[in-house]
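Below: the structure, in structure tokens.
The values are calculated or read from the model by the stated rules, or taken from the named source; none is laboratory data. Not measured: the values here are computed from a predicted model. Methodologically, a virtual Cβ is constructed for each residue, glycine included, from the backbone with ideal geometry; neighbour enumeration extends over all protein chains shown. All accessible areas refer to the heavy atoms of the entire protein, side chains included, with ligands and DNA or RNA removed. Shrake-Rupley method; radii C 1.70, N 1.55, O 1.52, S 1.80 Å.
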Amino acid sequence: MKFLNFQQLLEQRAESGLLRQRQTLTSPQQTIVSVDGKQLINFASNDYLGLANQPQAVQALTSAADRYGVGAGASHLVCGHQKPHQDLEEALASFVGREAAITFSSGYMANLAILQCLAKKGDLIIADKLNHASLIDGVRLSDADSTRFPHCDLAILEKRLKKSSQNKFVVTDSVFSMDGDIAPLTEMVAMCDKYDAILIVDDAHGFGVIGENGKGSAEHFGLNQKQLPVLMATLGKALGGFGAFVSGEKPFVDYLVQQARSYIYTTAMPASIASANLANLNHLKQNPKILAQLKSNISYFRQQCETFKSAGFPVTILPSETAIQPIIVGDNESLLAINHRILEQGFLVGAIRPPTVPANSARLRITLSASHSHRQIDQLIQSLTNAFALQQKEVNQ
Ligand SMILES: *Cc1c(COP(=O)(O)O)cnc(C)c1O
């Protein structure tokens with residue numbers, strides 16, 4: 001058998017504007033980052049509350065490292081479950097108003113665990129078409145049947161629910177990672193109740209962002225554990241750390257401890273990371289002003305965006321109320337050209353292309369953080385306006 005021609009495959013990707021490039025940061029993740037010796041204003045990270053380099057979390061990490069060392073040394077069930085892991089799980093469960101929580105090393109692994117443990121052969125998983133890749137892979141890994149419904153389309157979701165007499169699971173992101181919109185969870189809860197289905201919610205971009213106290217979609221919609229029995233969120237986004245958790249009834253969480261392969265067959269996250277996560281959770285609880293700052297930045301951006309909108313560029317600005325503010329450009333080439341211009345002007349913004357998003361919906365994924373200043377937001381919008389104006393000029397020539 002011949003090895004694949006990787007060089008050729010890479011060249012093909014490059015020709016279609018699909019080659020991804022990593023930027024190496026020589027600074028912490030923060031509002032201003034260093035890349036290749038250049039300072040860039042960062043509108044690309046998921047560090048929505050500016051906690052990735054929060055001093056008390058750094059302090060918690062180093063003191064836990066002094067006490068517990070670097071590696072957990074084993075999986076949770078063997079002997080890697082240390083006090084900081086236990087403390088973090090208890091604090092997370094209490095924060096989101098659930099009986100219990102189990103932490104995972106990543107959200108990707110948490111989603112694999114949920115779908116593998118819940119959906120069995122003969123069951124049906126009904127998933128939103130724009131769900132995160134980790135949920136899609138979780139569906140692939142489970143033995144259940146699956147079907148998808150168009151993004152947030154409640155009528156079609158209902159059709160799918162009505163049609164099947166199988167055990168049913170409805171799976172959705174709460175805040176969609178590439179669109180920033182919020183799933184209609186109240187209606188979905190009612191529908192799941194009516195058709196006897198179980199709702200699974202991935203709150204990766206809702207946790208720490210929506211809800212009065214940043215407790216995420218459960219708080220935003222006022223949904224209790226019975227209504228929203230499977231609540232998953234990540235710790236690497238708004239919480240600025242690393243890892244993820246699944247919360248719900250204690251027997252459900254205990255079952256995951258017994259059965260989740262992505263929990264059992266992997267080394268526990270370092271205790272120092274668990275401590276840093278806990279420190280940031282406490283920081284959020286004690287400093288509601290960071291959440292207020294994020295919310296103020298979101299509305300400020302939306303407001304200032306009106307000027308950009310009125311310039312009439314051929315783009316779609318999605319109506320998002322969350323930290324994720326996408327501008328859909330369409331084709332990959334134009335997106336890259338615009339992104340390059342913005343980068344030249346000192347701004348780091350996500351340039352998201354297929355297959356992460358559907359074909360012809362390549363977009364700038366602007367993310368806001370509590371630590372941005374209004375001035376930085378003004379500067380970004382100015383830079384976007386310049387970049388799009390130049391692009392348009394070039395296309396018209
Ligand atoms: C980032 C993300 C994940 C994965 O979380 P990690 O902790 O980064 O593995 C899962 N779901 C959604 C919606 C995400 O955005």
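Quick notes on this one:
- Computed about the Cα centre, the dipole magnitude for the stretch 258-397 is approximately 400 debye when only Lys and Arg (+1) and Asp and Glu (-1) carry charge, each at its Cβ.
- Centroid-to-centroid, using Cα positions, the stretch 307-360 and the stretch 136-156 are 27 Å apart.
- Dipole magnitude of the chain, debye to nearest 20 (Cβ charges: Lys/Arg +1, Asp/Glu -1, about Cα centre): 280
- Length-normalised contact order of the chain in % [C-alpha pairs under 8 Å, at least 6 apart]: 22
- For the stretch 56-286, a simple Cβ point-charge model (Lys and Arg +1, Asp and Glu -1, everything else neutral) yields a dipole of about 380 debye relative to the Cα centre.
- Listed pairs LYS250/LYS285; LYS83/LYS215; LYS159/LYS295 exceeding 30 Å between Cα atoms: LYS159/LYS295
- In summary, the aspartates and glutamates within cross-link reach of LYS289, defined as a Cα separation below 20 angstrom excluding same-chain residues under 8 places away, comprise ASP47, GLU212, GLU219, GLU321.
- In nm, spacing of pseudo-spin labels at HIS374 and GLU321 (7 Å Cα→C-beta vector): 2.2
- A Förster radius of 25 Å, combined with the Cβ-Cβ distance separating ASP66 from THR267, puts the computed FRET efficiency at roughly 0.80.
- Residues in the stretch 134-150 carry Karplus couplings, in order, of 5, 6, 4, 5, x, 4, 4, 7, 7, 8, 6, 6, 8, 8, 10, 10, x Hz; the curve used is 6.51 cos²θ - 1.76 cosθ + 1.60 with θ = phi - 60°, and Gly or Pro positions show x.
- Distance between the stretch 280-301 and the stretch 1-74 - C-alpha centres, whole angstrom: 23
- Heavy-atom accessible area order for GLU333, GLU219, largest first, 1.4 Å probe: GLU333, GLU219
- With the convex hull drawn around the C-alpha atoms of the stretch 193-301, the volume per residue stands at 127 Å³.
- Taking amide H positions as modeled 1.01 Å from N, with prolines and chain starts lacking one, the residues under 5 Å from ASP123 and 5 or more places away or on another chain are ASP145.
- Seen against the Cα atoms of the chain and their longest principal axis, helix 83-95 is set at about 80 degrees.
- The label point for LEU77 and the one for ILE32, both projected 7 Å from the Cα toward the Cβ, are 5.0 nm apart.
- q = 0.13 Å⁻¹, the chain: log10 I(q)/I(0) [Debye, one scatterer per Cα]: -1.17
- Span per principal axis, largest first, for the Cα atoms of the stretch 56-286 (Å): 57, 36, 29
- Calculated from backbone phi, Karplus (6.51, -1.76, 1.60) coupling profile of the stretch 381-386 in Hz, x at Gly/Pro: 5, 4, 5, 4, 4, 4
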